[in-house]
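A.B. asks: I'd like to ask some things about the structure below.
Read-outs throughout are calculated quantities, based only on the coordinates presented, and are distinct from any laboratory measurement. Remember, it's a predicted structure, so these values are computed and weren't measured experimentally. Note that we place each Cβ from the backbone using ideal geometry, even for glycine, and neighbour counts take in every protein chain shown.
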Amino acid sequence: MAKKGLAPKSIDQYVLVAKLVVASAVDQKTGEQLYPQRWNNRFIELPKISKKKMNTPAFTPEIMTPLARYRSPREQELFTYLGATGTRISEMLGVEIDKHISDDFRTITIAQQIRNGKVVPWLKTDAAYRQVDLDIAVAGRLKKYVGQRTSGFLFQTRTGKPLDTRNIYFHLHRSLKELGFVNSLTGNHKAGNHAFRRFRNTWLRNRTVCPEGLRKFWLGHADEDMGDLYDKICEDVAFRLTMAEQCGHGFDLPDLVPTVPTTGHYDAAEDEVHVAESTEQ
């Protein structure tokens, strides 16, 4: 795998699958592992993961502001909410208007995700099940984007189907190339969904007075100690909304927001073309 150019983190993940397969073989009567194994990573020459060398690009306000003005209205809105919430793309694509958006548009509930164009009723971790609060400016933009729609996915094709993440990455990578974005590790213009999450985390952690417990809650970070487990700030909705307004979103929004027709406004065929082009890259 190393000769093929895979990064240490990728190799570690592939090897982890093999480890889990071996561990899954158990005696049907006793439940004991059939092949208990202590893995010596150095002996099997598993490369050591260096966090400093990991591909972890993050967007800045200077990148987020033009992304919020991207020429494709639907992706423009998606980029905006990803940066303003720190949610994963799969989580945001799973948001349904009548199920996951509060009446005042200040809170988005994350309860499902989209994988390969289909709804998956589970999330990456238990902490990922959460509510993310918006400041008034972003909430107002969300309200205008929803328009007269009362149901369906927040982001969908013309036929009402959930979007494919590959199509989103086509738009994102094209936009980043046009903006002259450079991934400091790879040297190219490409970055993934976590660049939005790193932007939001960096903003909340260093540029605002957001309490640590609330930052972890909004981002869906797992508990690390008993202090996290006993922190119940997530239950104080009024405080959450106040802090969302104080923290803001960290980048400039355009003045005008398009309203989405009730039937959607993009051709599904165009989506399929973008998916195919993205796959070829």
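A.B. asks: So which residue, out of I110, I97, I44, gets the largest mean-square fluctuation from a GNM of the chain using Cα contacts under 10 Å as springs?
C.D. replies: I44
A.B. asks: Still on this model: Taking the alpha-carbon distance from K216 and a cut-off under 18 Å, which aspartates and glutamates remain once sequence neighbours fewer than 8 residues away in the same chain are dropped?
C.D. replies: E91, D126, D133, D135, E224, D225, D228, D231, E235, D236, E245
A.B. asks: Next question. Loop by DSSP (not H, G, I, E, B), at most 13 other beta-carbon atoms within 10 Å: where is the longest site-free stretch of the chain for GluC sites (Glu not before Pro)? Don't skip to the answer; put the middle values down first.
C.D. replies: Values: sites that count: E32, E45, E224.
Counting at most 13 other Cβ atoms within 10 Å as exposed, the longest clean stretch of the chain is 46-223.
A.B. asks: Using the Karplus curve 6.51 cos²θ - 1.76 cosθ + 1.60 with θ = phi - 60°, work out ³J(HN,Hα) for each residue of the range 143-158 in order, rounded to whole Hz, and write x for Gly and Pro.
C.D. replies: Going residue by residue, I get 4, 5, 5, 5, x, 8, 5, 10, 7, x, 6, 4, 10, 8, 7, 4 Hz, with x marking Gly and Pro.
A.B. asks: Exposed loop sites here are trypsin sites (Lys or Arg not before Pro) in DSSP loop states with at most 15 other C-beta atoms within 10 Å. What is the longest stretch of the chain lacking them?
C.D. replies: Working: sites that count: K3, K4, K29, R38, R42, K48, R69, R71, K124, R158, K232.
Segment 159-231 is the longest.
A.B. asks: A further question follows. So which chymotrypsin sites (Phe, Trp or Tyr not before Pro) in the range 43-125 end up in coil per DSSP with only 15 or fewer other C-beta atoms within 10 Å? Walk me through the numbers before you get to the answer.
C.D. replies: Details: sites: F43, F59, Y70, F79, Y81, F105, W122; in loops: F43, F59, Y70, F105, W122.
Counting only loop positions with at most 15 other Cβ atoms within 10 Å, the chymotrypsin sites (Phe, Trp or Tyr not before Pro) in the range 43-125 are F43, W122.
A.B. asks: Give me the net charge of A25's neighbourhood, meaning all other residues with Cβ under 12 Å from the Cβ of A25; Lys, Arg count +1, Asp, Glu -1. Kindly include the intermediate steps, with their values, before the conclusion.
C.D. replies: Numbers: positive: K19; negative: D27, E32.
Taking every Cβ under 12 Å from that of A25, the sum is -1.
A.B. asks: Now, a different point. Tell me the mean residue ellipticity at 222 nm calculated for the chain from its helices only (DSSP H runs of n ≥ 4, each -39500 (n - 2.57), averaged over every residue, nearest 500).
C.D. replies: Calculated from helices alone, the mean residue ellipticity at 222 nm is -13000 deg cm²/dmol.
A.B. asks: Pairs of Cα atoms under 8 Å, at least six residues apart: use those to get the relative contact order of the chain, whole percent. Kindly include the intermediate steps, with their values, before the conclusion.
C.D. replies: Values: 398 pairs, mean separation 65.6, N = 281.
Relative contact order of the chain: 23 percent.
A.B. asks: Kindly put T80, T242, T56 in sequence by how many other C-beta atoms sit within 10 Å of each C-beta, fewest to most. Before the final figure, lay out the partial values.
C.D. replies: Values: T80 25, T242 12, T56 15.
Ordered by Cβ neighbours within 10 Å, fewest first: T242, T56, T80.
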